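Okay, so here's the structure we're looking at.
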Amino acid sequence: IYSCCYLSRRLNQLSSHDPLWKRHCKKYWLISEEEKNQRNQSWKAIFISTYSDLGRYIQYYATLKKAWDDLEKYLGQRCPRMIGSLKESVQEEDLDAVEAQIGCKLPDDYRCSFRIHNGQKLVVPGLMGSMALSNHYRSEDLLDIDTAAGGFQQRLGLKQCLPLTFCIHTGLSQYMALESVEGRNKYEIFYQCPDQMARNPSAIDMFITGTSYLEWFTSYVNKVVTGGYPIIRDQIFRYVHDKECVATTGDITVSVSTSFLPELSSVHPPHYFFTYRIRIEMSKDALPEKACQLDSRYWRITNAKGDVEEVQGPGVVGEFPIISPGRVYEYTSCTTFSTTSGYMEGYYTFHCLYYKERFFNVTIPRFHMVCPTFKVSTARIVSEDAAFFTLDFSCLQRTLETNHNEYAVDEDEDSTDTDEYEERRRVLDIPAPSGRCPRHT
């Protein structure tokens with residue numbers, strides 16, 4: 001419209017019709033009537049001045065601005081101290097300087113987000129979520145542009161990767177690939193996962209968390225503001241709850257939410273670490289004599305190959321909680337699989353407080369755990385190819401034709417986890433490291 005206004009007098013007159021610009025200001029820049037009145041400018045003047053500053057981001061700005069606004073509003077009501085950690089926006093010259101410093105172009109959706117907020121201070125709790133187990137804690141901050149640039153990687157295994165987040169407790173970061181190198185797609189976002197069995201330090205597998213900054217950030221914000229991630233003690237916890245994962249036995253309801261922990265997991269050797277949070281609640285309408293105490297638990301744990309493990313023991317996390325009408329008891333525990341997915345189910349055994357000889361079981365609903373999409377390090381692929389070459393040249397030729405497709409694993413493929421597939425990936429049934437947390441409680 002702005003360009004067309006120079007073609008004719010009539011178009012020029014039409015382009016000056018202020019209501020025409022009002023729609024564009026609201027659509028592309030999310031300018032409200034109140035903000036317009038504060039600026040004391042016409043809609044056309046506001047659009048032109050905003051476009052001259054943010055025009056390169058016109059396809060991203062409204063989506064990212066809404067995400068930031070929704071997040072600030074939600075956290076302002078539930079985690080107000082986290083709002084104080086957010087930094088003001090940066091200018092174009094700041095982003096240009098970072099590009100010159102690292103020698104790579106930043107994607108426009110990433111730049112756009114930093115024109116709204118420059119990440120956050122390195123504080124706890126982190127904006128990008130927390131996780132806590134008995135002896136393990138992490139909380140991820142969204143890095144400001146200067147700190148991110150300082151962590152830009154050029155080493156083997158992480159060439160041209162920019163950190164987006166950082167946890168001061170674990171050193172954990174989510175990275176964005178700025179170029180398509182070492183088997184990564186451009187602008188892919190991931191957790192690094194060093195290959196623990198490789199001699200080559202550049203052998204880094206990846207747990208994929210996003211295909212672009214826009215998709216990564218807005219999907220996370222949507223989970224937060226819709227209540228998909230619970231707020232616990234002023235922190236965002238990245239537990240995912242399946243609404244169907246609820247079981248009611250009499251007056252007691254059990255529900256489960258789960259989370260994958262990449263920092264305690266590895267692709268090679270295959271060791272996938274999950275934490276789960278269980279909520280046990282008695283209906284507030286239950287009779288007082290229904291009060292009871294948990295005595296023991298029983299778990300049936302099945303991995304993707306159909307292998308079953310049964311666990312039975314007293315209490316949960318060393319406790320024997322009492323449940324009474326309206327009372328809620330929650331606890332967190334963890335489990336590990338040597339396959340990329342698995343599920344758990346079982347029951348708790350309670351005894352009545354008023355009739356101590358009366359025992360009954362309460363169902364724990366089946367809940368599934370699936371690790372994110374991952375990619376195997378190209379360094380391992382190269383080393384395996386070299387090993388094949390020394391053994392059988394003809395085998396190498398066949399391997400090269402399909403090798404790269406085999407190692408790009410996604411969740412849909414992993415959901416079956418047939419024996420043939422596991423054999424192809426050389427999955428080893430290695431026990432979980434001890435001392436990390438109480439398992440199956």
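Worth a mention:
- Against the empirical curve 2.2 N^0.38 Å, the C-alpha radius of gyration of region 251-305 lands at a ratio of 1.68.
- Sites listed here are trypsin sites (Lys or Arg not before Pro) in region 340-384 whose DSSP assignment is loop and whose Cβ has at most 10 other Cβ atoms within 10 Å: Lys356.
- Surface analysis of region 61-223 yields an accessible area of 40 Å² per residue, using protein heavy atoms and a 1.4 Å probe.
- When you restrict to C-alpha pairs under 8 Å that are six or more residues apart and normalise by the size of region 239-374, the relative contact order lands at 29 percent.
- Carbon and sulfur %, accessible surface of region 61-223 computed with the full protein complex present, 1.4 Å: 49
- Percent of Cα pairs exceeding the 27 Å cut-off, where the set is region 239-374: 24
- With all pairs of different C-alpha atoms in the average, the Kirkwood value for the hydrodynamic radius of region 19-84 is 13.0 Å.
- Exceeding the 24 Å Cα-Cα cut-off - candidates Lys66/Lys159; Lys22/Lys66; Lys121/Lys223; Lys243/Lys305; Lys243/Lys290: Lys66/Lys159; Lys243/Lys305; Lys243/Lys290
The values are calculated or read from the model by the stated rules, or taken from the named source; none is laboratory data. It should be emphasised that the depicted structure is a prediction, and the values quoted were computed from it without experimental measurement. Here the Cβ is made from the backbone with ideal geometry for all residues, glycine too, and neighbour counts use every protein chain on show. With ligands, DNA and RNA removed, areas are computed over all heavy atoms of the protein, side chains included. Shrake-Rupley method; radii C 1.70, N 1.55, O 1.52, S 1.80 Å.
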